[in-house]
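Chemist: Quick one: the structure is below, questions incoming.
The values are calculated or read from the model by the stated rules, or taken from the named source; none is laboratory data. Computed from a predicted model, the values in this text were never measured in an experiment. Don't worry about glycine lacking a Cβ; one is built from the backbone with ideal geometry, like all the others, and counts go over all protein chains shown. All accessible areas refer to the heavy atoms of the entire protein, side chains included, with ligands and DNA or RNA removed. Shrake-Rupley method; radii C 1.70, N 1.55, O 1.52, S 1.80 Å.
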Amino acid sequence: MSTPASGLQTDSRTAGARVAPARSAAYDPRRSQRRRNVRAVGLGLLFIAPTFVILGYFMYYPAYVAFVGSLTDWDGFNTPRAVGLQNFANAFRDGNLRVAGLNNIPWAIGKVFLAVVPPFLAAELIFHVRRQRWQYLYRTLFVVPLIIPGIVTILLWTFYYRSDGLVNQVLGFVGLDALQQPWLTRPSTALGALIFMGFPWVTPFNLLIFYSGLQAIPGEILEAGALDGATGWRRVLFIDLPLLVSQTRVLVTLAIIASVQALLEPLLMTGGGPGTSTLTPILYVYRTGVEYGDFGYSMSISLILFLVVLLLSVAANRLTRSRKA
Amino acid sequence: MSRHVRRSVRTLAVAAGMLALTTSCLPGASSEGGDEAETIGAGESPAEEWTGTITMFAQEYTPNAEVANSYGLTALQDAADGFAEEHPGVTVEFVDEKFDVYTEQVRVKAAAGELWDVYWGQWAALNGSLPEGIAYDLAPAFEEPNPYAPEYDTWAEAMNPQVIEATRAGSGASYNINGDFVTTGWYYNADLFEQAGITEPPATWGEFVELCTTLRDAGITPVAFVPYYGHMQRHWLSDLYSDDFEAITQLDGAPGFSGADEALAIGEGILSPADPRFLAWWPTFKQATDTWQPDYITAPAERNDRAKQDFFAGDAAMYYSGSQTARELASAEVPFTWASFPFPTITPEDNEFASGDDTASAVGGPTGAYQYAISTAQANSTMEEPGKAEVVLDWLRYIGTPETAQSVVNETGQFLPSFTDTEPVEDLAEFADIVNQPWQSLYVGFSAPNLDTDLQRIFGNYLGGNITIEQARDELTPLLETAAADFRAQNGLE
């Protein structure tokens, strides 16, 4: 029985071997697979091509134009003339830009702090509310301001900071009359007033990020932690914070980017003043380009800002990554 | 050549190609440069071949407007209808829009080649802050007769030759027709004055300071106003430098005060902190601003919109503005009695350098709304259509007559018509002669686009008590010297 069986097997292999050369002339499975892969990749590229085209045209092309423009004296209207690196040299000698950059340091530190700490604390408080319904209510209350346009908040706070505004009224009400002052017209208070506007500083988006991060912490970890005594503040410090590092990293990076791009607050509330005390680099970019018509110089400052943001973002990521490790 | 080097060379070549391509793609790159003003009208007669629609932004005089104004004006539309009758196939369309950042909008539209055919443009902006080449130089056309005003030998005579001279660019170019005058002054809440026991508006600066103090002591905010350096300096410098006005305006060898005069005067240490008069008025001025609503003292000039709201709401006793405010107050139906008085005279008792001249008219002047320029083909691609520029110029000639200007300007009653032989509305009759008086206004701000903002910043900081006059001087000196030196270098004035 074995012989016929093996013979059958042999026959079968022989038959296969006989057919194979005939098929190889017309059909190569590897080439066919390659063709299928190419077709699949091509189809995929075709589908995402519009996204890349739009992204390229509206995001990368302007950046490229800005780079080229930064090497010219373009006034926004007439033919640009190449000036080499002159704009960059001027930027490094520009006293106003230096002041704007220095103003951006406390601005960035303050904004990063406000972007992380108050939303994190609010998220913790909401997360620890026992009833789900109350959690939902508090979450909604904190998130509803998201629908209020930022410009409205800015205009409101402009009124709050007036010498007869809400801030001074509250200070008077609690007996701190000595602290009353026109907040936006003193160089010593104007920058701080801009940084700390928006009390209670619970950014809805950041709150939701932290809240969803807390929800994602596995119950087993919390239970194990509780057995080891990690409850209350210990839990926040030794379980929640380490497990929210990736969320924190994202929010810190976004806050750094936003702080370097802080335009509306100084533009609408102080115009960069008094003096240059609230002048930010991006407001200076706006001024030199749109108001003074020196687009070439404006673009060169934009490029420097881009590099600064890139460096800061990388540094922030490195910092939070090492903490995680 | 190694493969690596070949690849590097190829990469560099591609990058250079892309750089050149992109440079050529920057808006405006393909157009002619604006080194010399493009002229229109020299020896050209109105062309009848072109037909189509002329677009015009007429600012406050926009007829049938719902946005630009809400006065229901018709005079300019009547003119457009008359022009259309005489030019079959040509219509005029008015742009009914309101712009908060007009200069920026004009710049952006021009960069895209989409500026309107005829647009509102202040002479100072056209001579300075707006890019060169954005408007045709009308000077040659001014020297020719206007067929719609045949009683005058030249178009310039039908307008106001004095205004034309005062508003020319340093190159001698005239970029707009200039048909109305603004008067400025202090508008006040008479009820609050009465409440503080004030019966007469002040005539001198000393009286004005006293008035502010009296109001403050009565618990009333005397003034809500951003002390705009661009305006305030004109009252003060025009007085303090009145003996040298003629000499300063002659520095560039042409009549009228120009950017070239300014740059040269700064260079010679006249309009500069090196001259004791230049900053002498700041402490005198601060005596008044120390009593004003503090939130506006260091603010940028654009914040005056909010200051105006304070005044209109009755929260402040005074507000400084142009003659258009009378109409706005009437339209707003403010719940108080209001009146106005001119900028007070500065006497030698107020300031040791004061001449006592009346400089109330130094601010305003030929800066109203009947200020129209024509787009170049670079700013408006449709102007390349054969014959269009000539027809658009013809439209400007049509409305550039005393008769039309008077009817359009007087329809709003906000400004004084300034063309030859025109009369203002009855309410402004007392100011009628202002347009024919020598317009003596001295100021700094032409030399560089950033000067206006930076001067305001330093001025506000000083008035707010944040810096001393010495610190202000230290900031001003390099700012002015750099701006003037750049201007002189760019315009071959060295």
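Chemist: List for the stretch A:258-282: residues with 40 Å² or greater reduction in accessible area, all protein chains versus chain alone, probe 1.4 Å?
Modeler: SASA drop of 40 Å² or more in the stretch A:258-282: A:G275.
Chemist: Moving on to the next point. Give the lysines reachable from B:K286 as a straight Cα distance under 25 Å; neighbours fewer than 8 places away on the same chain don't count.
Modeler: Within the straight-line cut-off, B:K286 pairs with B:K308.
Chemist: Across all directions of projection, what mean area in square nanometres is found for the Cα convex hull of the stretch B:284-329?
Modeler: So the Cα hull casts an average projection of 3.6 nm².
Chemist: Residues of the stretch B:66-109 with accessible area at least 50 Å² lower in the all-protein-chain context than alone (1.4 Å probe)?
Modeler: Going by heavy-atom accessible area, the residues of the stretch B:66-109 that drop by at least 50 Å² are B:E104, B:R107.
Chemist: Hey, another quick one. Using a 7 Å offset from the Cα along the Cα-to-Cβ direction at both A:A226 and A:L102, what is the distance between the two label points in nm, to one decimal?
Modeler: For A:A226 paired with A:L102, the spin-label model returns 5.4 nm.
Chemist: Let me check I've understood the local charge: for B:D310, count other residues with C-beta under 13 angstrom from its C-beta, Lys and Arg +1, Asp and Glu -1. What total comes out?
Modeler: Taking every Cβ under 13 Å from that of B:D310, the sum is 0.
Chemist: When you count, for each residue, the other Cβ atoms within 10 Å and take the mean per peptide, how do B:397-405, B:232-240 rank with the highest first?
Modeler: B:232-240, B:397-405
Chemist: Which of the listed residues, A:H128, A:L114, A:Y292, is farthest toward the dipole's positive end in chain A, when Lys, Arg count +1 and Asp, Glu count -1 at the beta-carbon?
Modeler: A:H128
Chemist: In addition: Note down the accessible area of A:K111, probe 1.4 Å, to the nearest 10 Å².
Modeler: 40 Å²
Chemist: Run through all the Cα pairs of chain B and give the fraction in each 10 Å bin from 0, expressed as whole percent.
Modeler: Final binned percentages: 4, 18, 27, 25, 16, 7, 2, 1, 0, 0.
Chemist: Let me ask something else. Apply 1/(1 + (r/R0)^6) to the Cβ-Cβ distance of B:Q195 and B:D474, taking R0 = 56 Å, and write down the FRET efficiency to the nearest 0.05.
Modeler: Here the calculated transfer efficiency is 0.85.
Chemist: Scan around B:V223 for amide H atoms under 5 Å from its own, H built in the peptide plane at 1.01 Å from N, and keep only partners 5 or more places away or cross-chain.
Modeler: Residues meeting the amide H criterion: B:Q293, B:A317, B:M318.
Chemist: Still on this structure, please answer the following. Which distance in nm do the two modelled labels at A:L307 and A:S212 give, with both placed 7 Å along the Cα-to-Cβ direction?
Modeler: Distance between the two pseudo-spin positions: 3.6 nm.
Chemist: What FRET efficiency comes out for the pair A:D177/B:A330, r = Cβ-Cβ distance, R0 = 41 Å, nearest 0.05? Before the final figure, lay out the partial values.
Modeler: Numbers: r = 41 Å, r/R0 = 1.00.
The formula returns an efficiency of 0.50 here.
Chemist: Using a probe of 1.4 angstrom, how much of the accessible area of the stretch B:419-494 is carbon and sulfur, in percent?
Modeler: The value for the stretch B:419-494 is 45 percent carbon and sulfur by accessible area.
Chemist: Please report, in debye to the nearest 20, how large the charge dipole of the stretch B:81-154 is about its Cα centre when each Lys and Arg carries +1 at its beta carbon and each Asp and Glu carries -1 there. Working shown, then result.
Modeler: Numbers: 3 positive and 16 negative charges, 84 e Å.
Approximately 400 debye in magnitude.
Chemist: In whole Hz, with x marking every Gly and Pro, tabulate ³J(HN,Hα) for the stretch B:406-423 from phi via Karplus 6.51 cos²θ - 1.76 cosθ + 1.60, θ = phi - 60°.
Modeler: So the J values, rounded to whole Hz, are 4, 5, 6, 5, 6, 5, 8, x, 8, 10, 9, x, 10, 5, 4, 6, 9, 10.
Chemist: With runs of 4+ DSSP H residues as the only contributors, calculate the mean residue ellipticity of chain A at 222 nm using -39,500 (n - 2.57) per run, divided by the residue total and rounded to the nearest 500.
Modeler: -22000 deg cm²/dmol
Chemist: For B:T91, list long-range residues whose amide hydrogen, built 1.01 Å from N in the peptide plane, is under 5 Å from its own amide hydrogen.
Modeler: Hits under the 5 Å cutoff: B:G52, B:T53, B:I54.
Chemist: Can you work out D for the stretch A:100-203 in µm² s⁻¹ from Stokes-Einstein, where Rh is the Kirkwood radius over C-alpha pairs, the temperature is 20 °C and the viscosity is 1.002 mPa s?
Modeler: Answer, rounded: 137 µm²/s.
Chemist: Checking the a/c ratio against 1.5 first, then a/b against b/c, what shape does the Cα gyration tensor give for the protein assembly as shown?
Modeler: Verdict is oblate for the protein assembly as shown.
Chemist: Sequence-distant or interchain residues sharing an amide H contact under 5 Å with B:D350, placed H: which?
Modeler: none
Chemist: How do B:Y188, A:Y57 stack up against each other in accessible area, from largest to smallest, with a 1.4 angstrom probe?
Modeler: Result of the area sort, largest leading: A:Y57, B:Y188.
Chemist: I would also like to ask the following. Using only atoms on other chains, find how many Cβ atoms lie within 10 Å of each Cβ of peptide A:286-293 and report the average.
Modeler: Partner-chain Cβ atoms within 10 Å, mean over residues of A:286-293: 5.
Chemist: For chain B, what relative contact order do you get, as a whole percent, if you take Cα pairs closer than 8 Å and at least 6 residues apart?
Modeler: This gives 25 percent for chain B.
Chemist: In addition: Please work out the Cα center distance from the stretch B:378-426 to the stretch A:256-325, rounded to the nearest Å.
Modeler: Measuring centre to centre over Cα atoms gives 44 Å.
Chemist: Once you average over the residues of B:457-465, how many Cβ atoms of partner chains fall within 10 Å of each Cβ?
Modeler: On the way: counts 9, 3, 0, 5, 7, 2, 2, 7, 3.
Counting Cβ atoms of other protein chains within 10 Å of each residue's Cβ and averaging gives 4.
Chemist: What's the carbon and sulfur percent of the stretch B:191-312's accessible surface, probe 1.4 angstrom, rounded to a whole number? Intermediate results must be reported in sequence, preceding the final value.
Modeler: On the way: 1960 of 4290 Å².
The nonpolar share, carbon plus sulfur, comes to 46 percent.
Chemist: State in Å² the accessible area per residue of the stretch B:139-288; use a 1.4 Å probe, count heavy atoms of protein chains only, and round to the nearest integer. Write down the numbers at each step before the final one.
Modeler: Numbers: 5090 Å² over 150 residues.
That works out to 34 Å² per residue.
Chemist: Counting only protein chains, not ligands or nucleic acids, how are B:I270, B:I40 ordered by accessible area (probe 1.4 Å), most first?
Modeler: B:I270, B:I40
Chemist: Multiply the residue gap between B:E385 and B:D217 by 0.36 nm, knock off their C-alpha separation, and tell me the result in nm, one decimal place.
Modeler: On the way: separation 168, 0.36 × 168 = 60.48 nm, distance 6.55 nm.
Length gained, B:E385 through B:D217: 53.9 nm.
Chemist: Something else: If you count only protein heavy atoms and use a 1.4 Å probe, how large is the accessible surface of B:I346, to the nearest 10 Å²?
Modeler: My reading of the accessible area for B:I346 is about 0 Å².
Chemist: If you don't mind, another one. Using heavy-atom solvent-accessible surface (probe 1.4 Å) with all chains present, what is the largest-first order of A:I195, A:I257?
Modeler: A:I257, A:I195
Chemist: Averaged per residue, what accessible area in Å² does the stretch B:307-456 show with a 1.4 Å probe, protein chains only?
Modeler: Here the residues of the stretch B:307-456 average 36 Å² of exposed surface.
Chemist: A further question follows. Can you work out the FRET efficiency for the pair A:L156 and B:E268, with r the C-beta to C-beta distance and R0 = 56 Å, to the nearest 0.05?
Modeler: 0.70
Chemist: Can you send over the solvent-accessible area of B:F415, 1.4 Å probe, protein chains only, in Å² to the nearest 10?
Modeler: Here the accessible area works out near 10 Å².
Chemist: Taking a temperature of 10 °C and a viscosity of 1.306 mPa s, what whole-number D in µm²/s does Stokes-Einstein yield for the stretch A:207-246 with Rh from Kirkwood over alpha carbon pairs?
Modeler: So the translational diffusion coefficient is about 155 µm²/s.
Chemist: Report ³J(HN,Hα) in whole Hz for each residue of the stretch B:50-61, in order, from the Karplus equation J = 6.51 cos²θ - 1.76 cosθ + 1.60 where θ = phi - 60°; Gly and Pro get x.
Modeler: Values, residue by residue: 6, 10, x, 10, 8, 9, 9, 9, 9, 6, 5, 9 Hz.
Chemist: In Å² (nearest 100), what accessible area is buried between A and B, both sides summed, heavy protein atoms only, 1.4 Å probe?
Modeler: Approximately 3200 Å², summed over both chains.
Chemist: I need the per residue convex hull volume for the stretch B:45-197, using only the alpha carbons, in cubic angstrom as a whole number.
Modeler: It comes to 185 Å³ per residue, whole-number rounded.
Chemist: Under a straight-distance cross-link criterion of Cα-Cα below 30 Å, which lysines are reachable from B:K388, leaving out those fewer than 8 residues away in the same chain?
Modeler: B:K98, B:K109
Chemist: Which one, B:G322, B:L271, B:A299, projects farthest toward the positive side of the charge dipole computed for chain B from Cβ point charges (K/R +1, D/E -1)?
Modeler: B:A299
Chemist: Do any residues of the stretch B:278-310 show a loss of at least 50 square angstrom of accessible area between the isolated chain and the full protein assembly, using a 1.4 Å probe, and if so which?
Modeler: B:D295, B:T298, B:R303, B:R306
Chemist: Considering the alpha-carbon set of the stretch B:128-257 alone, what are its Rg and its Dmax in angstrom?
Modeler: Both quantities, over Cα of the stretch B:128-257: 21.3, 61 Å.
Chemist: Follow-up. So if I place +1 on the C-beta of Lys and Arg and -1 on the C-beta of Asp and Glu, and nothing else carries charge, what would the dipole magnitude of the protein assembly as shown be about its Cα centre? I want it in debye, nearest 20.
Modeler: Numbers: 48 positive and 92 negative charges, 1989 e Å.
Using Cβ point charges on Lys, Arg, Asp and Glu, the protein assembly as shown gives about 9560 debye.
Chemist: Then there's this: Under 1.5 on a/c is rounded, so check that first for the stretch B:306-366, then, if it is not, pick prolate when a/b is larger than b/c and oblate when it is not; a ≥ b ≥ c are the square roots of the alpha carbon gyration tensor eigenvalues. Don't jump to the answer; show the numbers that get you there.
Modeler: Details: a/c = 3.08, a/b = 2.05, b/c = 1.51.
It comes out prolate by the Cα gyration axes.
Chemist: Would you kindly derive the ³J(HN,Hα) couplings of the stretch B:466-472 from the backbone phi angles with the Karplus curve 6.51 cos²θ - 1.76 cosθ + 1.60 (θ = phi - 60°), listing them in order in whole Hz, with x for Gly and Pro?
Modeler: For the stretch B:466-472, the Karplus-derived couplings read 8, 9, 8, 5, 5, 5, 4 Hz, x marking Gly and Pro.
Chemist: If you take each beta carbon of peptide A:80-92 and count the beta carbons of other chains within 10 angstrom, what is the mean? Please list the in-between numbers first.
Modeler: On the way: counts 7, 2, 3, 0, 0, 0, 0, 0, 0, 0, 0, 0, 0.
What the average comes to for A:80-92 is 1.
Chemist: For chain A, set up a Gaussian network in which alpha carbons nearer than 10 Å are linked by springs, and say which option among A:A91, A:A178, A:A190 fluctuates the most.
Modeler: It is A:A178.
Chemist: Note down the nm distance, to one decimal, between modelled labels 7 Å out along Cα→Cβ at A:R234 and at A:Q261.
Modeler: Result for the modelled spin labels: 4.3 nm.
Chemist: In square nanometres, what is the average projected area of the Cα convex hull of the stretch B:298-436?
Modeler: 12.8 nm²
Chemist: Once you sort the root eigenvalues of the Cα gyration tensor of chain A as a ≥ b ≥ c, which label holds: rounded (a/c under 1.5), prolate (a/b larger than b/c) or oblate (the other case)?
Modeler: oblate
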